[in-house]
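The values are calculated or read from the model by the stated rules, or taken from the named source; none is laboratory data. Worth saying up front: this structure is predicted, and the values here are computed from it rather than measured. Backbone-built Cβ (ideal geometry, glycine too); neighbour counts: all protein chains shown.
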């Protein structure tokens, strides 16, 4: 009978650990892709870092959906502002842009912008990225 309790306790702890691990991974992904609108796209930079962009412009939205379909790499960027997500920033929705070329000094990775946020805040930055997902409801 004592063995049954031990086995039950071990199974419970394993299930609990797996559940907690799944929840941490899921919540981290959701915090990475945090967004405020129903129209957003997930971009992935060359380092594999991911974040959501929410362009206010219909033209930019159309370009993002095209990039999602053809998997082309472009520079996606805008003015950097503080935001409550994994990276502590986002590109201001009114300024999200897509470019084939940018000034080299404006190019960075998502992680680099995040790690040097005070430098980038209020200024323009671009990330070489693909569009992994595009959502509009």
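From 76, 44, which residue is closer than 11 Å to residue 128 by Cα, buried (at least 20 other Cβ atoms within 10 Å of the Cβ) and within 14 Å of the chain's Cα centre (by Cα)? Spell out how you get there, then give the answer.
Numbers: 44 fails: buried (at least 20 other Cβ atoms within 10 Å of the Cβ).
Residue meeting the stated conditions: 76.
Quick one: which of 81, 133 is more than 14 Å from the chain's Cα centre (by Cα), surrounded by fewer than 20 Cβ atoms within 10 Å (Cβ to Cβ) and assigned to a strand (DSSP E or B)?
Values: 133 fails: more than 14 Å from the chain's Cα centre (by Cα).
The unique qualifying residue is 81.
Which number in (1) at pLDDT 95 or above; (2) on the phi > 0 side of the Ramachandran plot marks the one condition that residue 53 misses?
For residue 53, the failing item is (2).
Quick check on residue 118: is it modelled with pLDDT of 95 or more, within 17 Å of residue 41 (Cα to Cα) and part of a helix (DSSP H, G or I)?
Working: modelled with pLDDT of 95 or more: yes; within 17 Å of residue 41 (Cα to Cα): no; part of a helix (DSSP H, G or I): yes.
When the stated conditions are applied, residue 118 does not pass them.
Only residues in the stretch 59-72 that are surrounded by fewer than 13 Cβ atoms within 10 Å (Cβ to Cβ) count as the first member; pair them with residues that are in a helix (DSSP H, G or I) and at pLDDT below 95, Cβ under 9 angstrom, at least 6 apart or cross-chain, and list the lot.
none
Would you tally the residues in the stretch 100-130 being surrounded by 13 or more Cβ atoms within 10 Å (Cβ to Cβ) and in contact with a strand residue (DSSP E or B) (Cβ under 7 Å, 6 or more places away or on another chain)?
Going through the stretch 100-130 one residue at a time, the tally reaches 18.
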